[in-house]
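Asks: I have a structure here, written as structure tokens, and I will follow up with some questions on it.
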Amino acid sequence: MLNTWKKNLNRVNGFTMIELIMVIVILGILSAFALPRFANLTNDARRAAMEGIMASVKSTIGISHSMYLVRSSNDALNQNIDLEGITYTLVEGYPSAADICEMARIEVVANGGPFECTAPAGTPLSTTISYGSTNCSFDYNQAANSMTPPVVSPLTLGSDCS
């Protein structure tokens, strides 16, 4: 029995070349399927950022309109609200298209942020909010009257924001 044990000590155990090659092939196949999924994280991040900005705009609408409703409707100053020390003028009790990006604290490109807020040609009562120059955007349409709240369009998902 001692001789058998000594023989086993002299024999070196390890992986054969075929086993090592098979492991490398299997890892290569797994990475080929996983890599495209991880490469798409940029588009997912853009979409998540835009969904967060859209939620911020909707919250701003709710907060500003709530402040408007709390005050007396006969008050001439009712159209002005203060948010974090800045006075904004409301339109029909809601944020104007011109002020919505600033009121929602959206970091626009001009101030070093990734977002753009632009008024489409011919539509002064609307603002398009997009992630830079991508096709990932939504529109904020200002309230037409006190009975019609502003409309936030669904998120437009282009090829770089899907």
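Asks: Identify the residue in the range 105-144 that is among the aliphatic types (A, V, I, L, M) and more than 14 Å from the chain's Cα centre (by Cα) and, among all such residues, is surrounded by the most Cβ atoms within 10 Å (Cβ to Cβ).
Replies: A143
Asks: Kindly list, by first and then second residue, each pair from a residue in the range 59-84 that is at pLDDT below 85 to a residue that is surrounded by fewer than 10 Cβ atoms within 10 Å (Cβ to Cβ) and of a type outside the set (D, E, K, R), limited to pairs with Cβ atoms under 6 Å and residues at least 6 apart or on different chains.
Replies: N80/T87
Asks: Further, regarding this structure: What's the number of the condition N111 fails, among (1) of a type outside the set (S, T, Y); (2) modelled with pLDDT of 85 or more; (3) over 16 Å from A143 (Cα atoms)?
Replies: With (1) of a type outside the set (S, T, Y); (2) modelled with pLDDT of 85 or more; (3) over 16 Å from A143 (Cα atoms) applied to N111, the lone miss is (2).
Asks: So which of S56, S133 ends up being within 20 Å of L157 (Cα to Cα), modelled with pLDDT of 85 or more and of a type in the set (S, T, Y)?
Replies: Just one listed residue meets the conditions, S56.
The values are calculated or read from the model by the stated rules, or taken from the named source; none is laboratory data. Predicted model, so just to flag it, every value in this text is computed and none were measured. Every residue, glycine as well, gets a Cβ built from its backbone with ideal geometry; the counts of neighbours run over all protein chains shown.
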